[in-house]
Amino acid sequence: MTKPIKDPFKENFDTLEEFADRISEVLNCPITIEDANHRLLAYSTHDERTDQARIATIIGRRVPEKVINNLWKEGIIPKLLETNEPVRVKNINEIGLGDRIAISIWKNEEVLGFIWAVEIEKALGNEEVELLKKAANVLKNKLLQLQIRKYKREERSQEFFWKLLTGHIKSRQEISEAFYEAQITAPSTFSIAIFRFQEDITPEAERQISYMLKTMHRLKIVLYTIDCNDLILLLSLDAVENPLDEQRDFADYFRGNMYERFDVTQIKASCSSIYSSHDHIEKSYKEALNVLDMKSKFPEETKEIINYQELGIYQFLDVILEKRVQDQFENHSLKKLTDYDLRHNSNLVETLEVFLNNDNNINEAAKELNVHMNTLSYRLKRISEIGDINLKDVNQKMTLYIDIKLMKYKK
């Protein structure tokens with residue numbers, strides 16, 4: 001009959017560092033303890049043997065992004081998120097990762113963190129693996145306490161963020177004091193980013209999002225919150241040389257990884273302009289919402305647009321529409337074309353819009369309309385005749401372009 005393994009982890013430990021050292025002594029190998037988002041909580045100090053991935057984790061206080069990405073690709077992290085059994089990891093030389101064994105720490109259906117044991121000279125045997133499982137079970141309560149405190153901090157941060165987004169804290173001094181009280185470093189330059197999901201964000205999706213945000217080592221996320229199907233972020237752009245490019249890369253990377261890791265698709269992204277005054281946070285939020293509104297109304301025209309500054313004329317459609325309504329203005333050329341299309345079941349307005357969208361390039365417009373260039377030339381001639389339009393007049397074309405967009409905007 002097999003003897004039960006004595007539990008060497010029964011005594012109380014004041015700190016996670018002490019507990020990591022105890023696991024290291026028992027298993028005779030280096031130990032690191034991480035939270036669910038791969039941030040370093042503690043590591044053993046009595047064993048100097050290690051590898052490059054562990055050194056980088058200790059120095060940066062979190063697992064390097066390239067290591068996390070590789071562990072996802074190799075199926076290691078997905079496996080750890082599915083089981084409470086230890087998972088063996090073979091060395092991956094390109095990221096400096098030696099042989100190790102990992103175990104996830106669970107509370108009910110949620111992963112609280114991980115223990116990583118580096119196998120420097122020999123693989124852990126069955127008895128040692130059982131001891132590692134005992135260590136994970138003991139650690140569960142300590143990590144749960146940390147998680148409760150973390151949730152309370154996040155709730156306070158989210159409440160503070162909503163006050164900024166909705167303009168409940170307005171003056172620069174009030175905002176500065178609020179950042180200080182929240183123990184959050186205020187960014188010198190920033191923008192608001194929004195990721196709009198297809199459906200309301202569930203608690204499970206929120207955990208996935210939180211994981212993604214806290215394991216991405218790209219733009220610094222100062223604050224974030226969720227509103228139905230919107231993920232709203234305050235991004236720090238301090239020391240970022242090309243912020244517009246970085247915003248786009250950040251959006252592409254986030255959406256790409258949400259798809260690859262969690263099979264979440266069709267996430268729309270938007271970013272505000274770049275500001276340095278914190279009393280513009282409310283304005284930034286409205287700009288990011290405006291980008292999403294335009295992407296909804298003009299999906300084809302704005303499919304490559306992310307930043308508010310890229311919207312061009314779409315920034316001003318609401319203002320121009322208000323002016324048009326006040327002046328009771330009607331574009332008679334456009335009305336003639338619209339009436340003609342209704343009577344003859346034609347598409348002259350669409351043809352004109354595509355032509356103007358393509359900067360008067362007949363070849364490109366014909367391709368988009370899927371017609372021959374001669375056909376398009378004939379249509380443009382008819383548009384000129386019916387609408388009494390001079391297609392060489394920049395002012396006429398610009399006015400028509402805006403009024404066509406306003407027609408779609410009003411729908």
Answer residue from region 215-227, given it is buried (at least 16 other Cβ atoms within 10 Å of the Cβ) and not aliphatic (A, V, I, L, M) and is nearest to Leu71 (Cα to Cα) among those
Thr215
Residues of region 189-223 being farther than 14 Å from Arg261 by Cα and of a type in the set (Lys, Arg), which ones?
Arg196, Lys214, Arg218, Lys220
How many residues does region 72-87 hold that are without any contact (Cβ under 8 Å) to a residue 24 or more places away in the chain and more than 14 Å from Val111 (Cα to Cα)?
4
Leading residue by the ranking (farthest from Lys107 (Cα to Cα)) among those in region 21-67 that are within 26 Å of the chain's Cα centre (by Cα) and among the basic types (Lys, Arg):
Lys66
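Only residues that are among the aliphatic types (A, V, I, L, M) and out of contact with any strand residue (DSSP E or B) (no Cβ under 8 Å at 6 or more places or on another chain): list them for region 227-261, please. Explain how you work it out, then say what you get.
Our first condition is that a residue be among the aliphatic types (A, V, I, L, M); within region 227-261, this holds for 231-235, 237, 239-240, 244, 251, 258.
If the condition is that a residue be among the aliphatic types (A, V, I, L, M) and out of contact with any strand residue (DSSP E or B) (no Cβ under 8 Å at 6 or more places or on another chain), then Ala239, Val240, Met258 are the ones that fit.
Can you tell which of Phe197, Phe179, Phe190 is in contact (Cβ under 8 Å) with a residue 24 or more places away in the chain, in the same structural domain as Ile232 (by TED's automatic domain parsing) and over 18 Å from Ile281 (Cβ atoms)?
Values: Phe179 fails: over 18 Å from Ile281 (Cβ atoms); Phe190 fails: over 18 Å from Ile281 (Cβ atoms).
Only one candidate qualifies: Phe197.
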Among Ile281, Ile274, which is the only one that is farther than 30 Å from Lys73 by Cβ and in contact with a Pro (Cβ under 7 Å, 6 or more places away or on another chain)?
Ile274
Take region 368-411 and flag every residue that is under 37 Å from the mean Cα position of the chain (by Cα) and surrounded by fewer than 12 Cβ atoms within 10 Å (Cβ to Cβ).
Asn370, Lys410, Lys411
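Conditions (1) assigned to a strand (DSSP E or B); (2) among the aromatic types (Phe, Trp, Tyr); (3) at pLDDT 90 or above; (4) in contact with an Asp or Glu (Cβ under 6 Å, 6 or more places away or on another chain), marked per residue:
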residue: Gln198; (1), (2), (3), (4): no, no, yes, no
residue: Arg207; (1), (2), (3), (4): no, no, no, no
residue: Leu223; (1), (2), (3), (4): yes, no, yes, no
residue: Leu244; (1), (2), (3), (4): no, no, yes, no
residue: Gln247; (1), (2), (3), (4): no, no, yes, no
residue: Phe250; (1), (2), (3), (4): no, yes, yes, no
residue: Met258; (1), (2), (3), (4): no, no, yes, no
residue: Lys286; (1), (2), (3), (4): no, no, yes, no
residue: Val291; (1), (2), (3), (4): no, no, yes, no
What are the residues in region 135-152 that are farther than 19 Å from Thr15 by Cβ and basic (Lys, Arg), if any?
Lys152
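What is the residue count in region 35-65 for residues that are in a helix (DSSP H, G or I) and either on the phi > 0 side of the Ramachandran plot or not β-branched (Val, Ile, Thr) (or both)?
Initial filter on region 35-65 (in a helix (DSSP H, G or I)): 52-60, 65.
Subsequent filtering for residues that are either on the phi > 0 side of the Ramachandran plot or not β-branched (Val, Ile, Thr) (or both) retains 52-54, 56, 60, 65.
Total satisfying the criteria: 6.
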Only one of (1) in contact with an Asp or Glu (Cβ under 8 Å, 6 or more places away or on another chain); (2) more than 23 Å from Gln247 (Cα to Cα); (3) modelled with pLDDT under 90 fails for Ile175. Which number is that?
(3)
Residues satisfying the stated conditions in region 152-176, i.e. among the hydrophobic types (A, V, I, L, M, F, W, C) and either in contact with a Cys (Cβ under 7 Å, 6 or more places away or on another chain) or in contact (Cβ under 8 Å) with a residue 12 or more places away in the chain (or both)
Phe160, Phe161, Trp162, Leu164, Leu165, Ile175
What residue, of Val89, Val129, Val138, Val111, is assigned by TED's automatic domain parsing to the domain that holds Ala53 and touching a Ser or Thr at 6+ places or on another chain (Cβ under 6 Å)?
Val111
May I ask you to verify whether Lys79 is among the basic types (Lys, Arg), over 23 Å from Glu48 (Cα atoms) and either crowded, with 18+ Cβ neighbours inside 10 Å or not assigned by TED's automatic domain parsing to the domain that holds Tyr259 (or both)?
yes
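Quick one: which residue in Asp230, Asp245, Asp263, Asp293 is in contact (Cβ under 8 Å) with a residue 12 or more places away in the chain and surrounded by fewer than 20 Cβ atoms within 10 Å (Cβ to Cβ)?
From the options Asp230, Asp245, Asp263, Asp293, the qualifying one is Asp230.
Which ones in region 314-332 are of a type in the set (A, V, I, L, M, F, W, C) and either closer than 19 Å to Tyr285 by Cα or free of Cβ contacts under 8 Å to residues at least 40 places away in the same chain (or both)? Let's see the steps before the verdict.
Let us first name the residues in region 314-332 that are of a type in the set (A, V, I, L, M, F, W, C), namely 316-317, 319-321, 325, 329.
Hits for region 314-332 are Phe316, Leu317, Val319, Val325, Phe329.
Would you check which residues across region 100-110 are buried (at least 19 other Cβ atoms within 10 Å of the Cβ) and of a type outside the set (Ser, Thr, Tyr) and list them? Even if it seems obvious, please write down each step before you answer.
If we filter region 100-110 for residues that are buried (at least 19 other Cβ atoms within 10 Å of the Cβ), which is where we start, we get 100-105.
Result: Arg100, Ile101, Ala102, Ile103, Ile105.
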Can Thr50 be described as modelled with pLDDT of 90 or more and either under 19 Å from Asn257 (Cβ atoms) or surrounded by 17 or more Cβ atoms within 10 Å (Cβ to Cβ) (or both)?
no
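Report whether or not Glu364 is surrounded by 12 or more Cβ atoms within 10 Å (Cβ to Cβ), closer than 20 Å to Phe298 by Cα and either out of contact with any Gly (no Cβ under 6 Å at 6 or more places or on another chain) or of a type in the set (A, V, I, L, M, F, W, C) (or both).
yes
The values are calculated or read from the model by the stated rules, or taken from the named source; none is laboratory data. The model shown is predicted, which means the values in this text are computed figures rather than measured ones. As a convention, Cβ positions derive from the backbone with ideal geometry for all residues, glycine included, and neighbour counts pool all protein chains shown.
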